[in-house]
1. Considering Cα pairs under 8 angstrom that are at least six residues apart, work out the relative contact order of the stretch 170-262 and quote it in whole percent.
2. Calculate one ³J(HN,Hα) per residue across the stretch 310-316 by plugging θ = phi - 60° into the Karplus curve 6.51 cos²θ - 1.76 cosθ + 1.60, and present them in order as whole Hz with x for glycine and proline.
3. Once you sort the root eigenvalues of the Cα gyration tensor of the stretch 146-243 as a ≥ b ≥ c, which label holds: rounded (a/c under 1.5), prolate (a/b larger than b/c) or oblate (the other case)?
4. Excluding Leu435 itself, calculate the net charge of residues whose Cβ lies under 9 Å from the Cβ of Leu435, where each Lys or Arg counts +1 and each Asp or Glu counts -1.
5. With a ≥ b ≥ c the root eigenvalues of the C-alpha gyration tensor of the stretch 309-428, is it rounded (a/c under 1.5), prolate (a/b larger than b/c) or oblate?
6. About the Cα centre of the stretch 367-440, what is the dipole size in debye to 20, counting +1 per Lys and Arg Cβ and -1 per Asp and Glu Cβ, all else neutral?
7. Please identify the GluC sites (Glu not before Pro) of the stretch 292-385 that satisfy two criteria: DSSP loop assignment and at most 11 other Cβ atoms within 10 Å. Which are they?
8. From the phi of every residue in the stretch 485-491, what ³J(HN,Hα) in whole Hz does the Karplus formula 6.51 cos²θ - 1.76 cosθ + 1.60 yield, where θ is phi - 60° and glycine or proline is x?
Amino acid sequence: MSEISNYKYARCFAFLLIILCFAPAVEAQEKTERKPNIFKRLIRKVDGKKDAVPKPVAVEEKKDDVPQTVAVEKKKGRLPVIIIPGLIGSELVNKNTGEKVWFDLLRSGDDNLRLPISPNIAANRDNLVPRDILRKIQLIRLTPEIEIYQKLIESLEADGYTEGKIDAPPENGSADTFYVFPYDWRLDNVENSRILLEKLDELRTKLERPDLKFNIVAHSMGGLIARYAAMYGKADLTARNPRPTWKGASYFNNISLVATPNGGSLSALNSLLNGFSLFGGGKINLPFIQNLSKYDLFTIPSIYQLLPHANMVRAFDEDLKPIKVDIYNQATWEKYGWAAYGDEDFSKKSENATTEQAKAYFKAVLLRAKLFHSALDRKPTRRNPFPIYYFGSECKPTIDGMILYKSPKDNAWKTEFEADSYTKRDGTKVTKEELEKVLYSPGDGVVPKRSLIASLFNIGKLKSGSLEELTVACSEHNRLTGDAIIGKSLLNILNLSISKMTNETVKSVTSKKQAN
């Protein structure tokens, strides 16, 4: 039998295996709405955390999953909206063949999601390019589609917005229009922030509106891209830790951050250590199924920029006492066995990359993450030149701590993110209940609430008891953009831009149409 035949038969076997795994879950989902849908696990940020059904905190309760739109008239001249998705929220295709590599349930025969590794992070490229944001996906034919950003898009359309293509905007695309910004989510966030501003420059030129401002709706990591673009413009990171220049502020009317990890997330470290599987864990690796292994994630610079910032790391020893961990120090990763290149079969699983090449790349990518965090954490010398709004959740137990201890069996370091009981070296047992108190905090299941609002510390907003800029709902990380409460608040904010358009701007738009 030929290798091609073997490949086809293996794919068929994998497909049948998927059906057997998922069919019972679909049937169960139809019988009850309370049981978490196994399909929803896919759209969590590379986390691998199991579904939990905690008691919700005291927040406004939504009646259904359909965003309640604000009653406004159509076509009011509102500023254009840019939707920026989060990690894994954009399609990636082969620029030469057009083959979709992400999202596709089955692995591509020609491409994978790994980037080349070298200390020159900007030069590490392959043939994959972004095409569109993930609106909704279907794992298998005849199964329910999973909405990613579709509800957000539908709520904007119901409120009178029309979608324009960011590379080919419509003639009237300077008002009541929204655009999506797909990007290669594997790349350095600073590079994607520069690409964002370049796209906005092109939009301004094509619309003949050089001073046009935009309203941003950014989900998860997309919010970090928007923040950096506003704070530093197209400037690269430097080791001097400069104060924010706000060179990109002229592009924005306001920014809405939905589930953005402004202080980072330990879920990123969990994924770097254990990988991500469509089946809910990082250690399952079925043939031909699209997973993100620890070796894939090792090559992706953006995942390191989602790590907890220096002042946000919460680590505990086996006695549950706090310990200090320098997450940017390469020696820390080697000590605790976190570095992928420390695995015995690293070269085999990393497509012949040598350990020395991996170490040089890893040192550079950790430094980029440290500088990126430092840049975002710098305290501004003046007030924000435009409003920034925060949207998140606080009713889901969210990984916000880790346990570091040596196994009594082999004396090797163990890193635990889940509240699974364990036995200490002296023979005493640490219970699940004890671990839950230190490992979890309120959040959306991926981003802790304290990470969402971390950037507010820098501008003194947390000194008061209430925050006008913060909207809290009860939903999971990747469902927040379609949440009814958040959807209503977003539309209220976007409609504020109507009153900010001056008579001069309106006259400019009118005279331009007459000239054409």
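1. Numbers: 116 pairs, mean separation 30.7, N = 93.
Result for the stretch 170-262 is 33 percent.
2. 3, 8, 10, 6, 10, 10, 9
3. On the way: a/c = 2.32, a/b = 1.42, b/c = 1.63.
Here the stretch 146-243 falls in the oblate category.
4. Details: positive: Lys432, Lys437; negative: Glu416, Glu418, Asp420, Glu433, Glu434, Glu436.
It works out to a net charge of -4.
5. Cα axes put the stretch 309-428 in the oblate bin.
6. Details: 15 positive and 11 negative charges, 111 e Å.
Using only the charged Cβ atoms, the result is roughly 540 debye.
7. Numbers: sites: Glu318, Glu334, Glu344, Glu351, Glu356; in loops: Glu318, Glu344, Glu351.
Here the sparse-neighbourhood loop sites are Glu344.
8. So the J values, rounded to whole Hz, are 5, 5, x, 5, 5, 4, 5.
Quick note: the coordinates plus some simple rules give every number you see, no bench work behind them. Everything quoted here is computed from the prediction, not taken from an experiment. Methodologically, a virtual Cβ is constructed for each residue, glycine included, from the backbone with ideal geometry; neighbour enumeration extends over all protein chains shown.
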